[in-house]
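*Asks:* This is the structure I have questions about; it appears just below.
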Amino acid sequence: MSPANPGAWSGPAEVFAYRRLAEPYHSLTLVAPEVCSRAAPGQFIALRMPDDRSLLLRRPFSIHRVDRRPGWAGTVEVVFDIRGRGTEVLSRLRQHAALDVLGPLGRPFRYPKEPTNCLLVGGGIGAAPLLFLAEELRGHGHRVDYILGGRTQDHLLRPIEAKRASLTVTFTTDDGSSGYRGVVTDVLAERVRATNAKVVYTCGPVAMLRAVARVCAQMKLSCEVAWEEVMACGFGACLVCAVPVRLDRGGDDDWAWARCCTEGPVFSASRVHWERVEESGAPTTTGVGG
Amino acid sequence: MTADRRNLKLAVDLGGVKFPNPILTASGTFHYGREFAPYLDLSKLGGVIVKSLSAKPWPGHPPPRGAETPSGMLNAIGLQNPGVAAFCDHELPWLVEQGVPVIASIVGHSPEEYMKVADRLRGAPGIVAMEVNISCPNLEDPTKMFSSDPDATGKVIRGVTRVASQPVFTKLSPDVTNIVDIARAAVRAGTHGLAVMNTALGMAIDTETFSPKLSTLTGGLSGPAIKPIAIRCVYQVSRAFPDVPIIGQGGIWTGEDVAEFLLAGASAVAVGTANFIEPTASMRILDEFIEYLNRKRIRDVSQLRRMMKDG
C-alpha cells in the first residue's frame, strides 16, 4: 500500500457489491475511501486483474459514482460491459473479493465558474461518468439536462438515475425501442435551444464525440469530451493512449499526441485535432485487454 | 524497505559504471521518471534508463499503440520523444536531482543521427552511460533494423563510441538469426557493455473485427511471456563474451527473476513492463531479491554470475 501524490492512491480494495444492470451492463462497487475522497467526475481508476499474471495489464474504468460515507466506508462504483477475458473475470467477482486499485487518475471535467445551464450527452457505456458529473454540477448550482443514447432500450445506462439527476432527460435509441429513434446528435441542437445550455459535456464512442463536438462548434458552445483510448499503465509512463491535440499556437500542422491518461481523459473539444482522429479503433473503457 | 540488507554487497560495477544496486528501470517503461516520483523514492533504484532520445522530436505512431497478449503486451509507440535537447533542458535536471544514476537511451535513423544525440549528451551531468537502441529501421534500408545486421550495428556503435563521453551499452534484439554475431559486431565496434534484450517482434489480430490490434500491424512484445527468450539471449552472449558486462532485461516480475538473469550472466537488470502495472514494482522486486540473497546466503550479488551449474 503506498500513499501517493495528489491524485493517485494504490492498494487493495474490497468488493462491496456486484450488480447486474440492464442486459449488457455490470456494476462493481469497491470500498476505497482514499480513492473516493479525492475523486472527481471524468477521472478513472485502474483495476488490476486478480491472481492472474496472464492478464497482465490493469483495466481502466471511468468512475461511475462515489459514495463519500464518513470513516472507512467510502465506496467507488464502476460500470462495464464484457469486452474480453478481463471484464469477464471482473463480472464474476462477488462481495468481499479483493482487487488492487490505482486511482483516481486523469484530469476531470472542469465546471463553469458562474451558475450555468449544462447539457450532458452520453452514449452506451460511455455515459458512465455522467451521473457523477450531474450530481456534482447540481451541487455547484448549475442546471443539468441530459441526453442519453444507446443502441436499444437495454443499452441506455441507468435511465432512471439519469432522470433523477437532471431536470430533463431525452432518450435516443438506434432502433426506437425507447425515446427518439436515432442518435444523440439528431436531438442535440434542439435540446441546446430548449434548455438554453451554454456548456456541453459528452462521453461515448469517438464517432459520437466528433459529431457532438461539431454541433457545439457550430453553435459556439463550450464542449468537453471524455476520451476513451486503449491504455496500458494509466499514469503517463507508457505513451500507449495517444490522442491528437492541437498545440497552443494553433495551426493545422501544429499538433502532437497527448496522453489520454494524464492530459485527459477529459479534453476541451476545441483542443482535439479531429482531422487526425481515427474512428476505426473500437472504443474501450477497459484498456488494451478488454 | 522490509528486507534485511546487513552484510550484503548490492552495488555492482559494469566495467567502471557503478550502480548502488542491480535493479534499473528499462527504457520506454519509466518515461523520464517523473510519473513514478509519487510512488517511490527514485534514489533507491540502481539506475534509470530513460525513454529513447532522438536528435529531433519524434511524433510516434497513431493509436492503437498497445494490446495485451497472454502474460505480455504488444506496443507500437513509435519511439515518441521530444528530442534530446528538450530532454536536457526540461527533464534531465529534475531526474539528476533525484540522486539516481541516469542512463540515456539513444535512437536514430542513421549512424549520423545516433552520433548527434550522443554528441548532445557529451559530458551531460548525471548521465553515467548510454544505451544504444538499435531496434530501429535503418533509413538506408528501411526494411531492416540496425539490430538485425552486424555491419549496420557496427557502423552505429563505432560512430557513437567515437563521440560519446560516457560508456556505451548496445541493446540487442532477439529477432536475429544469431545474437552472438550482432554482439560481436558491437564489441568490435567498441561497445563497453550490452543490454540484452529489447522486445521481441510480435503481432495480434482481433478475430471479431478482423483488424490487427496495433496500428502498425506488428510491435514489440514485452512482459513475462518473453522472459525465457531473454534468459537464453543473456546466456548465449555472456558465454561468448564473458568480460563484457550485460544489463539483462525481458519480463522481470520477481526477485527470483533477477537472480535468474544474473545466473545467466548479467551483471545488472532492468525492470520493464512490470512498472506499468505496479508503479512500485522495481522496489518490490529489489526487496524480494534481497530476501532471496539472504535465503541463499549469498553476500555479494556479483557472485551470482558465476554460480550457474552448466557442466
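*Asks:* Name the residue that is modelled with the lowest pLDDT, counting only residues in segment A:247-271 that are more than 16 Å from A:Pro108 (Cα to Cα) and within 14 Å of chain B (Cβ to nearest Cβ). Outline the logic, then answer.
*Replies:* Within segment A:247-271, the first condition is being more than 16 Å from A:Pro108 (Cα to Cα), and the residues that meet it are A:247-257, A:270.
From what is left, the residues that are within 14 Å of chain B (Cβ to nearest Cβ) are A:247, A:253-257.
On the way: A:Leu247: 90, A:Asp253: 82, A:Asp254: 89, A:Trp255: 93, A:Ala256: 94, A:Trp257: 96.
Result: A:Asp253.
*Asks:* Right, something else. Could you check segment A:22-75 and list, in sequence order, the residues that are at positive phi and either within 14 Å of chain B (Cβ to nearest Cβ) or modelled with pLDDT under 95 (or both)? Let's see the steps before the verdict.
*Replies:* Just the residues of segment A:22-75 that are at positive phi, to begin with: A:42, A:51, A:71.
If the condition is that a residue be at positive phi and either within 14 Å of chain B (Cβ to nearest Cβ) or modelled with pLDDT under 95 (or both), then A:Asp51, A:Gly71 are the ones that fit.
*Asks:* Another question, then. For segment B:117-150, name all the residues that are under 23 Å from B:Leu95 (Cβ atoms), of a type in the set (Gly, Ala, Ser) and crowded, with 24+ Cβ neighbours inside 10 Å.
*Replies:* B:Ala118, B:Ala129
Let's see how each residue does on (1) among the hydroxyl-bearing types (Ser, Thr, Tyr); (2) surrounded by fewer than 18 Cβ atoms within 10 Å (Cβ to Cβ); (3) within 17 Å of the chain's Cα centre (by Cα):
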{"position": "B:Gln249", "(1), (2), (3)": "no, no, yes"}
{"position": "B:Val271", "(1), (2), (3)": "no, no, yes"}
{"position": "B:Ser282", "(1), (2), (3)": "yes, no, yes"}
{"position": "B:Leu293", "(1), (2), (3)": "no, no, no"}
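*Asks:* From A:Ala237, A:Ala197, A:Ala213, grab the single residue that is assigned to a loop (DSSP other than H, G, I, E, B), in contact with a Phe, Trp or Tyr (Cβ under 7 Å, 6 or more places away or on another chain) and small (Gly, Ala, Ser). Break it down into steps so the answer makes sense when it comes.
*Replies:* Numbers: A:Ala197 fails: in contact with a Phe, Trp or Tyr (Cβ under 7 Å, 6 or more places away or on another chain); A:Ala213 fails: assigned to a loop (DSSP other than H, G, I, E, B).
Answer to the selection: A:Ala237.
*Asks:* May I ask you to say which residue of B:Ser222, B:Ser238 is within 14 Å of another protein chain (Cβ to nearest Cβ) and closer than 25 Å to B:Val50 by Cα? Even if it seems obvious, please write down each step before you answer.
*Replies:* Numbers: B:Ser238 fails: within 14 Å of another protein chain (Cβ to nearest Cβ).
Going through B:Ser222, B:Ser238 in turn, the sole match is B:Ser222.
*Asks:* Just the residues that are touching a Pro at 6+ places or on another chain (Cβ under 8 Å), assigned to a loop (DSSP other than H, G, I, E, B) and surrounded by fewer than 24 Cβ atoms within 10 Å (Cβ to Cβ), please, taken from segment A:100-139.
*Replies:* A:Pro108
*Asks:* So is A:Pro112 touching a residue at least 24 places away in the same chain (Cβ under 8 Å) and closer than 30 Å to A:Cys238 by Cβ or not?
*Replies:* Values: touching a residue at least 24 places away in the same chain (Cβ under 8 Å): yes; closer than 30 Å to A:Cys238 by Cβ: no.
It is false that A:Pro112 is touching a residue at least 24 places away in the same chain (Cβ under 8 Å) and closer than 30 Å to A:Cys238 by Cβ.
*Asks:* Among residues belonging to segment B:173-214 that are charged (D, E, K, R) and more than 13 Å from chain A (Cβ to nearest Cβ), point out the one that is nearest to A:Val230 (Cα to Cα).
*Replies:* It comes out as B:Asp175.
*Asks:* Also, quick follow-up: Could you tell me which residue of segment A:35-68 is surrounded by the most Cβ atoms within 10 Å (Cβ to Cβ), considering only residues that are touching a residue at least 24 places away in the same chain (Cβ under 8 Å) and more than 20 Å from the chain's Cα centre (by Cα)?
*Replies:* Start the filter on segment A:35-68 by keeping residues that are touching a residue at least 24 places away in the same chain (Cβ under 8 Å), which leaves A:35-50, A:52, A:55-68.
Within this subset, residues satisfying the condition of being more than 20 Å from the chain's Cα centre (by Cα) are A:49-50, A:52, A:55-56.
Working: A:Met49: 21, A:Pro50: 15, A:Asp52: 12, A:Leu55: 21, A:Leu56: 28.
Only one residue tops the list, namely A:Leu56.
*Asks:* Same structure again: Does at least one position in segment A:217-230 carry a residue that is more than 11 Å from every other protein chain (Cβ to nearest Cβ), part of a helix (DSSP H, G or I) and more than 20 Å from B:Pro63 (Cα to Cα)?
*Replies:* yes
*Asks:* Here's a follow-up. Look at segment B:62-88 and say how many of its residues are within 18 Å of A:Ala256 (Cα to Cα) and more than 8 Å from chain A (Cβ to nearest Cβ).
*Replies:* Here the count works out to 10.
The values are calculated or read from the model by the stated rules, or taken from the named source; none is laboratory data. On a predicted model such as this, the values are computed, not experimentally measured, just so you know. Backbone-built Cβ (ideal geometry, glycine too); neighbour counts: all protein chains shown.
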